[in-house]
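The values are calculated or read from the model by the stated rules, or taken from the named source; none is laboratory data. In this text, all values refer to a predicted model and were calculated from it rather than measured experimentally. Here Cβ is always computed from backbone atoms with ideal geometry, including for glycine, and neighbour counts include all displayed protein chains. Areas reflect the complete protein model, heavy atoms only, side chains present, ligands, DNA and RNA absent. Shrake-Rupley method; radii C 1.70, N 1.55, O 1.52, S 1.80 Å.
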Amino acid sequence: MDEQSGMNFSEYVAILSGNTDLLDKARLEKQIGALESERRTFNQSKSQSRLKLEGINNEIEGVRYRISILEKDQKTFEGKIQKSSDGEILNPVKLISLPENASVKKIGAKLNELSETARTHGHYAEIGTLYGFKLLVKTETSRKDGFDFKENRFFVEGEGGIKYTFNNGIMANDPNLASKNFLNALHKIPILIDNEHKRIAKAEKELPVFREMVNMVWKKEEQLKELKRESHELDKKILDSITAKELHGEKTDDNDNRHKSKCTSMKIS
């Protein structure tokens, strides 16, 4: 390709040969190449849009499944809630290592002890229950400035396996606040459900755009077919021209040979 003229090698050859059919052929090949490149780009973009569309649909399906679990946990929680005579929601936390009637102070003290000393090696360890939900602790390790740091986080787990946290699972030092950590985590379920519905709404707004891209049709297919048809016809025309020249050349050689033979006979005689 000549960077200044934009002419490719085939066009150079065609011009030097003086054959306008070859020049037309070179130009057709250039147009065909450009259209085929455009079609590849179009198909790649369409394929990427299809993958994106599938990803969004899978995401929506996953979020809807998560919502169903959240709603089930919320229903379970609401069905088991206990209230005091003045309507306050009770917090009947039961820790495995404490008696059922343990005071708030003892529960809070035990949770703070677990926060400092528990070592679960990255696994979830059950420590009690609240309204039928499992209470868990997990030791997480992080590294900073070359040192390993261990931190215990606390979770509430429902039947569907979703784990809820309050204050990112970090236990408060105050015994009363510590004892309410799990109850506060369960109170967040309606907020989580609302957030998941917002995720679906946001994802669904993108669907029409990618559906349109997936259903798009490349509009130059007929143009490309026509150019290829013209190129095929030119190939045939050029081949016929070359064949005719070869045949004409053979006849000329035969005439020359007969003339040479006649001249030789005359000299001998």
Worksheet item: Within the stretch 120-141, restricting attention to residues that are open to solvent by less than 30 Å² (accessible area, probe 1.4 Å) and touching a residue at least 40 places away in the same chain (Cβ under 8 Å), which residue is farthest from H187 (Cα to Cα)?
Response: L135
Item to complete: Spot the failing condition for D21; the list is (1) closer than 29 Å to K220 by Cα; (2) modelled with pLDDT under 95; (3) open to solvent by 80 Å² or more (accessible area, probe 1.4 Å), and only one is missed.
Response: (3)
Response to the item:
Among residues of the stretch 192-233 being touching a residue at least 60 places away in the same chain (Cβ under 8 Å) and among the acidic types (D, E), the residue least open to solvent (accessible area, probe 1.4 Å) is E196
Worksheet entry | Matching option when the condition is within 30 Å of L35 (Cβ to Cβ), open to solvent by 70 Å² or more (accessible area, probe 1.4 Å) and at pLDDT below 95, among K251, K236 | K236
Worksheet, complete the sentence: Taking first residues from the stretch 107-119 that are more than 10 Å from T139 (Cβ to Cβ) and second residues anywhere that are open to solvent by 90 Å² or more (accessible area, probe 1.4 Å) and among the basic types (K, R), the pairs with Cβ under 7 Å that are 6 or more apart or on different chains are none
Worksheet item: If K144 passes every condition in (1) at positive phi; (2) open to solvent by 30 Å² or more (accessible area, probe 1.4 Å) but one, which one does it miss?
Response: (1)
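Residues checked against (1) within 16 Å of L95 (Cα to Cα); (2) modelled with pLDDT under 95:
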{"residue": "K144", "(1), (2)": "no, yes"}
{"residue": "D148", "(1), (2)": "no, yes"}
{"residue": "E157", "(1), (2)": "yes, no"}
{"residue": "I162", "(1), (2)": "no, no"}
{"residue": "F166", "(1), (2)": "no, no"}
{"residue": "I170", "(1), (2)": "no, no"}
{"residue": "A178", "(1), (2)": "yes, no"}
{"residue": "L183", "(1), (2)": "yes, no"}
{"residue": "K188", "(1), (2)": "no, no"}
Worksheet item: Across the stretch 39-56, what is the total count of residues that are loosely packed, with under 14 Cβ neighbours inside 10 Å and within 17 Å of V209 (Cβ to Cβ)?
Response: 6
